[in-house]
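The values are calculated or read from the model by the stated rules, or taken from the named source; none is laboratory data. Predicted model, so just to flag it, every value in this text is computed and none were measured. With ideal geometry, Cβ positions are generated from the backbone for all residues, glycine too; neighbour counts draw on all protein chains shown. Accessible surface is based on the protein model in full, side chains and every heavy atom, while ligands, DNA and RNA are left aside. Shrake-Rupley method; radii C 1.70, N 1.55, O 1.52, S 1.80 Å.
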Amino acid sequence: MLIIGSHVSFNSKDQLLGSLCEALSYGANTFMFYTGAPQNTIRSKIDDNITKEALQIMKDNNIDYSKVIVHAPYIINLANNKEDDKYDFSIRFLKEEVKRCEQLGIKWLVLHPGSHVGLGVEVGISNIINALNIILKDTSVTILLETMAGKGTEIGRNFAEVKQIIDGIENKNNIGVCIDTCHLNDGGYDISKFDDVLNEFDKIIGIDYIKCVHVNDSKNPLSSHKDRHENIGFGTVGFDNLLHVIYHPKLENIPKILETPWVEQNPPYRFEIQMIKDKKFDPELKNKVIC
Ligand code: FE
Ligand code: FE
Ligand code: ZN
């Protein structure tokens, strides 16, 4: 079954109910959200009554809540321990984020592994492992390491780095991977040969670790290490190659999440999801989004 959705907002007032309604308005059957603004630490209290109400509506709409994703805030950097207080803050804040996921009943938390900011890949990776082993003690939440474009000093720029992190995790049941098609392209993995990419992933990490796919086109060519997302079919990856990923039999039942850019302050997701369901590229998509 195709499980497709997009990034949606989560506000302090409507919380999960607001996120769900936004997803439904896009024709999605899953979604991903940040539990607060990704660039700050202000988090409102989660209201269990709202969560309950949202869960009932999901049931009525055949939405499998066990496929819904939370994205960790990107101010967290587990790779950098240059300053103790910043490193400790990242660990503490991610631990709190895991607790919020538990309260919401969310199973999957996508995380950018981190940037080593000059410390070197090896030190960065050992910092990440150390932090994750603290965070993943006694939790029902699984952290999904996102494959990165390799911008700056980002770690997770190739499968070998992701594998190295996983190898250091004590509780393997609580670790997984989120592949991002824009990041793969920018990191040097050719999506037009996705079967080869998937085979390589399987050999190095193991395909069962993939629990989420971020579906984005890219504004930049293969191996550019830029990380600028483009709307589906409007970038260098292209519609057919993305469709191949979305409908790949080995990735069936794994949630596909769009993180494509808004078009002049309007979310494109309803149109992109329709295009994906129709399996037909619409070159007029951007005009439709702003109408
Ligand atoms: Fe991400
Ligand atoms: Fe992503
Ligand atoms: Zn990205």
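Annotation note: Cβ proximity below 7 Å between a residue of segment 17-36 that is farther than 25 Å from residue 95 by Cβ and a residue that is open to solvent by 10 Å² or more (accessible area, probe 1.4 Å) and polar (S, T, N, Q) (sequence gap 6+ or interchain) occurs for 18/9; 18/11; 22/9; 24/61; 27/274. Which of the residues belonging to segment 90-104 are open to solvent by 50 Å² or more (accessible area, probe 1.4 Å), out of contact with any helix residue (DSSP H, G or I) (no Cβ under 7 Å at 6 or more places or on another chain) and not acidic (Asp, Glu)? Selection gives 92, 99, 103. Annotation: of all residues in segment 107-140 being in a loop (DSSP other than H, G, I, E, B) and within 16 Å of ligand 3 (Cβ to nearest atom), the one that is nearest to residue 171 (Cα to Cα) is 113.
Table: residues versus (1) within 21 Å of residue 110 (Cβ to Cβ); (2) surrounded by fewer than 16 Cβ atoms within 10 Å (Cβ to Cβ); (3) basic (Lys, Arg).
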site	(1), (2), (3)
203	no, yes, yes
224	no, no, no
236	no, no, no
245	yes, no, no
248	yes, yes, no
253	yes, yes, no
269	yes, no, no
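For segment 229-243, indicate whether the set of residues that are aliphatic (A, V, I, L, M) and more than 15 Å from ligand 3 (Cβ to nearest atom) is non-empty. Yes, segment 229-243 contains a residue that is aliphatic (A, V, I, L, M) and more than 15 Å from ligand 3 (Cβ to nearest atom).
Table: residues versus (1) of a type outside the set (S, T, N, Q); (2) touching a Cys at 6+ places or on another chain (Cβ under 6 Å); (3) buried (at least 21 other Cβ atoms within 10 Å of the Cβ).
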{"position": "170", "(1), (2), (3)": "yes, no, no"}
{"position": "178", "(1), (2), (3)": "yes, yes, yes"}
{"position": "187", "(1), (2), (3)": "yes, no, yes"}
{"position": "195", "(1), (2), (3)": "yes, no, no"}
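Being open to solvent by 30 Å² or more (accessible area, probe 1.4 Å), within 16 Å of residue 212 (Cβ to Cβ), part of a loop (DSSP other than H, G, I, E, B) and within 14 Å of ligand 3 (Cβ to nearest atom), is that true of even one residue in segment 141-160? Scanning segment 141-160, I find no residue that is open to solvent by 30 Å² or more (accessible area, probe 1.4 Å), within 16 Å of residue 212 (Cβ to Cβ), part of a loop (DSSP other than H, G, I, E, B) and within 14 Å of ligand 3 (Cβ to nearest atom), so the answer is no.
Every residue, every condition in (1) modelled with pLDDT of 95 or more; (2) within 24 Å of residue 261 (Cα to Cα); (3) surrounded by fewer than 21 Cβ atoms within 10 Å (Cβ to Cβ); (4) among the aromatic types (Phe, Trp, Tyr), yes or no:
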residue	(1), (2), (3), (4)
22	yes, yes, no, no
38	no, yes, yes, no
46	yes, no, yes, no
49	yes, no, yes, no
63	yes, no, no, no
70	yes, yes, no, no
78	yes, no, no, no
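Scanning segment 68-86 for residues being of a type outside the set (A, V, I, L, M, F, W, C) and either under 17 Å from residue 137 (Cβ atoms) or within 16 Å of ligand 3 (Cβ to nearest atom) (or both) gives a total of 4. Taking residues in segment 69-96 that are within 16 Å of ligand 1 (Cβ to nearest atom), and partners anywhere that are among the charged types (D, E, K, R) and part of a helix (DSSP H, G or I), the pairs with Cβ atoms closer than 9 Å and at least 6 places apart or on different chains are 70/97; 70/100; 72/97; 73/97; 76/97; 77/86. Listed by first and then second residue, the pairs linking a residue in segment 226-240 that is within 16 Å of residue 192 (Cβ to Cβ) to a residue that is small (Gly, Ala, Ser) and more than 14 Å from ligand 3 (Cβ to nearest atom), with Cβ atoms under 6 Å apart and 6 or more places separating them unless they lie on different chains, are 239/233.
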